[in-house]
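For reference, the structure is listed below as structure tokens.
The values are calculated or read from the model by the stated rules, or taken from the named source; none is laboratory data. It should be emphasised that the depicted structure is a prediction, and the values quoted were computed from it without experimental measurement. Don't worry about glycine lacking a Cβ; one is built from the backbone with ideal geometry, like all the others, and counts go over all protein chains shown. Note: accessible area is taken over every heavy atom of the protein model, side chains too, but ligands, DNA and RNA are not part of it. Shrake-Rupley method; radii C 1.70, N 1.55, O 1.52, S 1.80 Å.
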Amino acid sequence: NLLLKDLKPKYLDIVVHPKCPEAVLDYIKDRLDYTAPKLASIYPDNPCMIWLGAKDKDGYARHSVPNNLKRYGGTSAGLHRYIYAWLMHGGNLPVRDNDGNRIEVHHKCGNRGCVNPHHLMLLSADQNKKLGNPQKLQMGL
């Protein structure tokens with residue numbers, strides 16, 4: 001499916017933390033292949049990568065860490081958190097910021113099912129809640 005491949009960001013465009021093991025990177029690439037592009041008005045040239053697998057009741061992408069990767073940590077988690085943790089932080093997401101506030105992975109695009117690392121960023125829980133879902137804000141929902 002050339003159209004699908006053309007719409008997805010190329011792996012070369014995705015920054016990889018030097019502490020990300022090759023086996024984890026291969027798993028992430030496999031997960032990114034199991035997504036469908038969705039154009040986001042916020043990122044017209046870099047579409048969301050919507051996870052086609054399991055999602056939780058709130059619409060976040062879910063996954064189970066394969067047995068061969070459990071030695072690196074985790075069992076079942078939000079896929080966006082897993083991808084962001086490994087690609088940006090070498091597997092260790094900060095739990096709290098310098099002021100002691102809980103840290104969350106925010107979807108800048110507003111699509112909870114999106115796992116595009118370019119659409120994710122760390123925010124305090126309070127900031128994440130205040131920003132809300134930018135897509136809903138744009139649509140007036």
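Looking across the range 66-86, just one residue is β-branched (Val, Ile, Thr) and more than 20 Å from residue 15 (Cβ to Cβ), and that is 75.
Filtered by the rule that a residue be open to solvent by less than 60 Å² (accessible area, probe 1.4 Å), at pLDDT below 90 and among the charged types (D, E, K, R), the range 55-87 gives no residues.
If only residues of the range 1-31 that are at pLDDT 85 or above and under 14 Å from the mean Cα position of the chain (by Cα) are counted, the one that is least open to solvent (accessible area, probe 1.4 Å) is 28. Of all residue pairs spaced 6 or more apart or on separate chains, those with beta-carbon atoms under 9 Å, a first member in the range 57-79 that is of a type in the set (D, E, K, R) and a second member that is crowded, with 16+ Cβ neighbours inside 10 Å are 58/112; 62/51; 62/55; 62/77; 62/78; 62/79.
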